Structures are given as C-alpha cells and as structure tokens.
Amino acid sequence: RCCNGTRRSHHGKATDSGKARMSIYIGIDGGGTTTRILMESAGEAPQYFERSVSLKVHQGDFESSAATLLTVLRELLRENIRNIRAIAIGLSGMSRTEDQEAMKRAIHNQPELSRVKLHVETDATLTLAAVIPEGEPGILLIAGTGSVIFYQPRGGTPRRIGGWGPTLSDEGSGYRLG
C-alpha cells in the first residue's frame, strides 16, 4: 500500500484504488545522483521509493530541478499529487538560505505544488540532525557524488569542512575519484 489508498505496482508506481483522499506528507533526500522519497498519509504505512535522478540545482536553474521533482511525484502519485500537504527536502548543494528560498519559489511555481508547505535545506544538515542529537558531540562524513564533513562539539554549533562542490573542495567524492 502507498499513500492515499493507492497500491504500488510491480514497477513501483502508485495506482488508484478508489479510496477517499488523505493528506500526503513527503520527505526527500536529494543527492547528486539518487533521490530517495518517503511518503506517508494518515492510516497508511510509510512508503519508500528510490529513483536514479538528481534534483540538484545546476548553474542556478531552480526551475528545472523543481520540474524534475514534479515529474517524479506525478509518476508516483498520478492524480493523487493534489493531496500533498507538505514536503521536507534535504537537497545536495542547498547550503545557502538564498538558494533554499529560490528552490521553494521554483517548487511553488509548479501548479500542483503551489500550496504545499515546504522545508528545504542541504542534505548534509538534514542528515546531521537525524543522526546526532542536538547538543551531543559527533561527526558526519558524507562521501557520495559529493563529499562533506560536519562535526558537532558537545553543546556547540555544527561546523562544516568541505562540501563546496568539485571546483573547490570535493576531494573525497565519487565525482573526484571517478
């Protein structure tokens, strides 16, 4: 079963089963090469989907990234896309507040997503918050298409090392090693 009373087909697509509409909530981990999506609606078990597509913004083209997101969501939800209430996105390269706001605007420019509540931040800070409790010490190393290290001293503010893209500092990344 998938969000809003739909069933996943053997291709991982959501198909309508005729149930009443439910609010859909989505969490997205958008890396440099893969997008992972967790969808949940009231009364349904969360559903996980993974797609070999990047939502990463290239050369300031937020609209293309938002259009790619819409394409993926249409594939998964079909007409149920109108039931999305909120999306939280951890997206590679979204470190700057200006970029996060530009991405939100681009997503809201998509008619089906114009009223969706959005949260956008970098995939690294979202992961850091998920794996290291606030105020606890820890280190997070991400070495995928890109690379970054975040460390959090006990009771302190997280600090970043690297993760500025292939031109400046992706020494441990798949991009650099490949």
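The values are calculated or read from the model by the stated rules, or taken from the named source; none is laboratory data. As the structure is a computational prediction, the values presented were derived from the model and not from experiment. Here Cβ is always computed from backbone atoms with ideal geometry, including for glycine, and neighbour counts include all displayed protein chains. In case anyone asks, the SASA skips ligands and DNA or RNA and just uses the protein heavy atoms, side chains included. Shrake-Rupley method; radii C 1.70, N 1.55, O 1.52, S 1.80 Å.
Tabulated results
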read-out: Any hit, the stretch 119-128, residues being under 21 Å from residue 162 (Cβ atoms), of a type in the set (Ser, Thr, Tyr), open to solvent by 40 Å² or more (accessible area, probe 1.4 Å) and touching a residue at least 60 places away in the same chain (Cβ under 8 Å); value: yes
read-out: Any hit, the stretch 17-34, residues being basic (Lys, Arg), more than 17 Å from the chain's Cα centre (by Cα) and at pLDDT below 95; value: yes
read-out: Residue count, the stretch 77-102 (criterion: over 22 Å from residue 130 (Cα atoms) and surrounded by 22 or more Cβ atoms within 10 Å (Cβ to Cβ)); value: 3
read-out: Scan of the stretch 51-84 for residues that are closer than 14 Å to residue 31 by Cα, part of a helix (DSSP H, G or I) and β-branched (Val, Ile, Thr), ordered by number; value: 68
read-out: Of all residues making up the stretch 143-162, the number that are assigned to a loop (DSSP other than H, G, I, E, B), closer than 24 Å to residue 93 by Cβ and not small (Gly, Ala, Ser); value: 3
read-out: Near pairs, Cβ below 7 angstrom, 6+ apart or cross-chain, from the stretch 64-83 (closer than 14 Å to residue 107 by Cα and without any contact (Cβ under 8 Å) to a residue 24 or more places away in the chain) to any residue that is outside any helix (DSSP H, G or I) and open to solvent by 10 Å² or more (accessible area, probe 1.4 Å); value: 68/53
read-out: Selection from the stretch 103-118 of residues that are among the polar types (S, T, N, Q), open to solvent by less than 80 Å² (accessible area, probe 1.4 Å) and touching a residue at least 12 places away in the same chain (Cβ under 8 Å); value: 110
read-out: Among (1) modelled with pLDDT of 95 or more; (2) open to solvent by 20 Å² or more (accessible area, probe 1.4 Å); (3) in contact with a Ser or Thr (Cβ under 7 Å, 6 or more places away or on another chain), the one test that residue 72 misses; value: (2)
read-out: Scope the stretch 85-122; condition part of a loop (DSSP other than H, G, I, E, B), polar (S, T, N, Q) and in contact with a strand residue (DSSP E or B) (Cβ under 9 Å, 6 or more places away or on another chain); matching residues; value: 92, 95, 122
read-out: Selection within the stretch 28-60 - surrounded by fewer than 19 Cβ atoms within 10 Å (Cβ to Cβ) and of a type in the set (Phe, Trp, Tyr); value: 48
read-out: Matching option when the condition is modelled with pLDDT under 95, more than 30 Å from residue 42 (Cβ to Cβ) and not in a loop (DSSP other than H, G, I, E, B), among 168, 126, 140; value: 140
